[in-house]
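A quick write-up on the structure given underneath.
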Amino acid sequence: MASLNVYSALVVLFFTRAAAMATKENDQIIKDNNCETKMGLPCVLEAFTSIFKTGTISSKCCGELVGFGKVCHTTLVKRTLENPLFKDLSPARIIVKSIQTWNICLALIDSPSPSA
């Protein structure tokens, strides 16, 4: 029975350490790419609402999001999911919404604007 407790403790330690390493890796990617300085706060909030809640993102903010870059977008979503405040969210659902938001913005930015 004692070996089961030791095994359980090792499993918990492994997953805790893996989560901490993932957080450090994400933080390093964010730092290396200057992710936290690439979008204005209003568009950050719009993108956040579109992904983590229910909302849409404007074409202006889509432009900022695409300019933000896929690496920064994906990494910040992952880092947000690591935050204990968001532990009740479904990571799979958030990842799907994140990809949808990115694709909508990419299509919006890539499509030619209608001429008047």
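The values are calculated or read from the model by the stated rules, or taken from the named source; none is laboratory data. From a predicted model like this one, the values you see are computed outputs, not experimental measurements. All Cβ positions, even for glycine, are placed from backbone atoms using ideal geometry, and neighbour counts span all protein chains on display.
It is to be established whether one or more residues within the range 1-20 are at pLDDT below 90, part of a helix (DSSP H, G or I), more than 30 Å from L108 (Cα to Cα) and in contact with a helix residue (DSSP H, G or I) (Cβ under 8 Å, 6 or more places away or on another chain).
yes
Just checking, does the range 65-81 include any residue being assigned to a helix (DSSP H, G or I), of a type in the set (G, A, S) and surrounded by 15 or more Cβ atoms within 10 Å (Cβ to Cβ)?
Within the range 65-81 (the criterion being assigned to a helix (DSSP H, G or I), of a type in the set (G, A, S) and surrounded by 15 or more Cβ atoms within 10 Å (Cβ to Cβ)), the answer is no, since none of the residues qualifies.
Pull up the range 23-40, narrow it to residues that are touching a helix residue (DSSP H, G or I) at 6+ places or on another chain (Cβ under 8 Å) and in a helix (DSSP H, G or I), then point me to the one that is surrounded by the fewest Cβ atoms within 10 Å (Cβ to Cβ).
E36
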